[in-house]
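Worksheet for the structure shown next.
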Amino acid sequence: MSVLRIENLTRRFGGLVALSGVNLELRENEILGLIGPNGAGKTTLLNVISGIYLPNSGRIIFDGKDVTESPAHIRCRLGIGRTFQIIQPNQNLNVLENVMVGSLFGQGAGLKEARRKAQEICQFLGLSRIERDITRLTVLEIKKMEMAHALATQPKVLLLDEIMTGLNIDEAREVIELVRKIRDQGMTICVIEHMMRIIKELTDRVLVLDRGEVIAEGLYEEVSNDPRVISAYLGEEE
């Protein structure tokens, strides 16, 4: 069953066509990998899905509703949550308070409920000592806090933008297990990732973008052997 469907989506920035005729379907309770070379349009696609940018043409159907023209805060409240490639937490808030923001502004929860929910999510992700100043966090803890902030908005679909960048092998493996745990809670997930071993291990399907267009979609084994993907992306990784 489809949770999110994108139909013939195009986004331009002046004369630059960042996305061209993109079609995508996110199925209930799956992990979809989104890959492609730098500048392929991956983050732009997440920005359009989450409402940061509106498309020039095409449609976005989420949970049976047309949200193509809906602003970001409405999409968030409907159930589209995301992390950002460049994490910018509020430096004046501690870990718990940064996570609480997701509930307060994402779902309009009261302070008491937002605190309870934030504590619950931090525990679920293994994020401890949550009253700490965020300047004392490790890279892994910052990533967990960003995931917790997104989860606090109570999403049905979670978009993860290079959440494992900057982590060592053991830390990345821990995050892989956390993403699986999140999916097991009934979440549908789309993840941008450059490390192909992670895509192979984590995802159910893979979609490949190049120059704003979808050039391949399918199981990892199918996509990784597609000549167009090897030429556009995998060849440059070797």
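The values are calculated or read from the model by the stated rules, or taken from the named source; none is laboratory data. All of these numbers come straight from a predicted model, not from anything done at the bench. Quick reminder, even Gly has a Cβ in these numbers, built from the backbone with ideal geometry, and neighbours come from all protein chains shown. For accessibility, only protein heavy atoms count, side chains too; no ligands or nucleic acids. Shrake-Rupley method; radii C 1.70, N 1.55, O 1.52, S 1.80 Å.
What are the pairs with Cβ atoms under 7 angstrom where one residue, in the range 215-231, is open to solvent by 100 Å² or more (accessible area, probe 1.4 Å) and the other, located anywhere, is aliphatic (A, V, I, L, M)? Sequence gap at least six, or different chains. Final answer for the pair search is ARG228/ILE215; ARG228/ALA216. Among the strands (runs of 3 or more DSSP E) confined to the range 28-83, the ones with at least 2 residues that are modelled with pLDDT of 95 or more and open to solvent by 30 Å² or more (accessible area, probe 1.4 Å) are located at 57-62.
Put simply, of ARG5, ARG11 the only residue that is of a type outside the set (Phe, Trp, Tyr), touching a Pro at 6+ places or on another chain (Cβ under 6 Å), open to solvent by 40 Å² or more (accessible area, probe 1.4 Å) and over 24 Å from LYS143 (Cα atoms) is ARG11. Within the range 94-114, residues that are over 19 Å from ILE134 (Cα atoms) and open to solvent by less than 60 Å² (accessible area, probe 1.4 Å) reach partners that are in a helix (DSSP H, G or I) and of a type in the set (S, T, N, Q) with beta carbons closer than 8 Å, at six or more positions or on different chains, in the pairs ALA109/SER103.
On inspection, ILE87 qualifies as part of a loop (DSSP other than H, G, I, E, B), open to solvent by 10 Å² or more (accessible area, probe 1.4 Å), more than 30 Å from ARG228 (Cα to Cα) and not hydroxyl-bearing (Ser, Thr, Tyr).
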